[in-house]
Amino acid sequence: MKRNDNHSAELLAQTREKITKSLSKNGIVILPPMDVFLSARLIELLGIKVQTTIFDPWYNKGVGGEREDYVDYILRILEALKAFSEHLFFWGFPQIVAHFVDKIPEPLQLKCWLTWFYKNSPSMIRGWRSAQMTCLHLARPDAKMHVENFLNEVQLQKFKQGKLRFIPGPPSVIEESLLCGFVGRKEQTGHPSQKPIAVIEKLVLMGTGRGDLVVDLMSGSGTSAEAAYNNERFSIICDISEDYTQIAEKRLGVKRINLPARLINRIDAATSALRPKKIRIPFKNDRPLQKTDPTKGQQLSLLMGS
Ligand SMILES: C[S@@+](CC[C@H](N)C(=O)[O-])C[C@H]1O[C@@H](n2cnc3c(N)ncnc32)[C@H](O)[C@@H]1O
């Protein structure tokens with residue numbers, strides 16, 4: 001038992017060094033594809049201090065499928081992420097996110113209900129056309145709000161001298177077009193749920209100072225890493241899908257790091273109980289209902305990519 005512990009500590013130390021080296025070389029670390037419970041536990045065990053975590057899961061409809069245990073599932077992920085996050089930005093459609101407002105795990109608190117407003121959704125349904133998404137800004141009570149990042153030069157000088165009586169923070173409604181059609185063509189990667197950099201950037205700026213760390217463990221195309229990099233912040237990202245990990249590698253010009261298989265297997269075994277075993281994925285386009293195991297990255301990415 002003791003030898004096992006020593007070995008794990010050694011593997012963790014090696015991994016920490018690898019991540020630190022890679023961060024100082026590239027500013028970005030892409031972890032190999034893995035489940036969020038596994039990557040979250042890894043970050044926690046490594047003792048990495050994270051100023052801002054972006055949490056942008058599938059929204060319980062559309063491409064990610066639907067699951068009956070969604071609220072419970074997301075709450076368990078929030079629990080895992082809060083272990084190392086000062087600020088946590090949690091995305092979803094308003095009607096889904098609303099379920100979580102009175103269930104925020106302590107010591108996280110609700111700082112703000114943010115809305116991303118877009119007018120260019122191509123949806124043709126006979127009713128309200130979707131034009132908003134919600135992002136709950138959760139934070140520890142002592143988390144620093146970096147309002148200084150939103151000030152102009154004159155305001156910043158006054159702020160530094162303690163002479164700015166009213167600090168004009170950014171609005172809680174972020175107006176930015178969806179990446180679709182010709183909008184944001186250069187930014188589009190092919191990921192079905194990619195956020196604009198300009199949207200994620202606001203969250204990064206509120207939750208970090210220069211040189212701080214952003215983590216996104218459901219990172220899709222890697223928007224968080226790009227927003228962080230553009231603003232001189234470090235980032236660690238990971239996604240369960242091999243396909244999306246490749247998209248992020250290409251987009252960011254950074255290759256994933258390798259991790260010691262023994263360490264990953266041990267953490268995997270220790271976190272497997274957290275992962276739900278069944279997920280219902282009712283695709284719309286004539287495919288039959290599929291039962292699949294969300295812990296099997298390859299299987300999930302095949303289903304998502306097809
Ligand atoms: C809404 S998308 C994120 C999009 C991202 N913010 C972007 O701008 O590209 C959700 C992502 O979560 C990933 N995902 C789903 N289940 C996961 C799991 N259990 N562990 C890690 N990632 C997962 C999906 O592969 C998908 O890329």
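Key figures for this structure:
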item: Pairs with Cβ under 8 Å, 6+ apart, first in segment 264-275 and under 21 Å from ASP72 (Cβ atoms), second hydroxyl-bearing (Ser, Thr, Tyr); result: SER272/THR295; ARG275/THR295
item: Residue satisfying all of: in segment 93-124; modelled with pLDDT under 95 and touching a Cys at 6+ places or on another chain (Cβ under 8 Å); surrounded by the fewest Cβ atoms within 10 Å (Cβ to Cβ) among these; result: PRO122
item: Which numbered condition ALA269 misses (of (1) of a type in the set (A, V, I, L, M, F, W, C); (2) assigned to a helix (DSSP H, G or I); (3) over 14 Å from SER39 (Cβ atoms); (4) at pLDDT 95 or above); result: (4)
item: Conditions (1) touching a Leu at 6+ places or on another chain (Cβ under 9 Å); (2) buried (at least 17 other Cβ atoms within 10 Å of the Cβ); number of the one not met by ILE74; result: (1)
item: Matching residues in segment 21-41 - criterion: being β-branched (Val, Ile, Thr) and farther than 13 Å from LEU259 by Cα; result: ILE28, VAL36
item: Any hit, segment 47-55, residues being farther than 23 Å from ASN230 by Cβ, touching a residue at least 40 places away in the same chain (Cβ under 8 Å) and within 12 Å of the ligand (Cβ to nearest atom); result: no
item: Residue in segment 245-265 that is closer than 20 Å to CYS135 by Cβ, of a type outside the set (Ser, Thr, Tyr) and either surrounded by 23 or more Cβ atoms within 10 Å (Cβ to Cβ) or in contact with a helix residue (DSSP H, G or I) (Cβ under 8 Å, 6 or more places away or on another chain) (or both) present; result: no
item: Unmet criterion (only one of (1) more than 12 Å from the ligand (Cβ to nearest atom); (2) more than 21 Å from VAL173 (Cα to Cα); (3) under 17 Å from the mean Cα position of the chain (by Cα); (4) of a type outside the set (D, E, K, R)) for PRO107; result: (3)
item: Check on GLU201, within 14 Å of the ligand (Cβ to nearest atom), more than 19 Å from SER39 (Cβ to Cβ) and modelled with pLDDT of 95 or more; result: yes
item: Test: residue in segment 201-213 that is surrounded by 19 or more Cβ atoms within 10 Å (Cβ to Cβ) and within 25 Å of GLN14 (Cβ to Cβ); result: yes
item: Filtered residue count, segment 245-263, keeping only those that are modelled with pLDDT under 95 and part of a helix (DSSP H, G or I); result: 3
item: Identity of the residue in segment 228-244, part of a helix (DSSP H, G or I) and within 9 Å of the ligand (Cβ to nearest atom), that ends up farthest from ILE54 (Cα to Cα); result: ASP243
item: Qualifying strands (runs of 3 or more DSSP E) (wholly inside segment 2-120; at least 2 residues being of a type outside the set (S, T, N, Q), more than 26 Å from GLN132 (Cα to Cα) and in contact with a helix residue (DSSP H, G or I) (Cβ under 6 Å, 6 or more places away or on another chain)); result: 28-30
item: Single condition GLN194 does not satisfy, out of (1) surrounded by fewer than 22 Cβ atoms within 10 Å (Cβ to Cβ); (2) in a loop (DSSP other than H, G, I, E, B); result: (1)
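For (1) more than 14 Å from VAL199 (Cβ to Cβ); (2) among the hydrophobic types (A, V, I, L, M, F, W, C); (3) in contact with a Lys or Arg (Cβ under 7 Å, 6 or more places away or on another chain), each residue gets a yes or a no:
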{"residue": "ILE104", "(1), (2), (3)": "yes, yes, no"}
{"residue": "LYS111", "(1), (2), (3)": "yes, no, no"}
{"residue": "PHE117", "(1), (2), (3)": "no, yes, no"}
{"residue": "PRO122", "(1), (2), (3)": "yes, no, no"}
{"residue": "GLY127", "(1), (2), (3)": "yes, no, no"}
{"residue": "GLN132", "(1), (2), (3)": "no, no, no"}
{"residue": "LYS144", "(1), (2), (3)": "yes, no, no"}
{"residue": "VAL147", "(1), (2), (3)": "yes, yes, no"}
{"residue": "GLN157", "(1), (2), (3)": "yes, no, no"}
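The values are calculated or read from the model by the stated rules, or taken from the named source; none is laboratory data. What you are looking at is a predicted structure, and each value in this text was computed from that prediction instead of being measured. In this analysis, Cβ positions are derived from the backbone assuming ideal geometry, glycine residues included, and neighbour counts consider all displayed protein chains.
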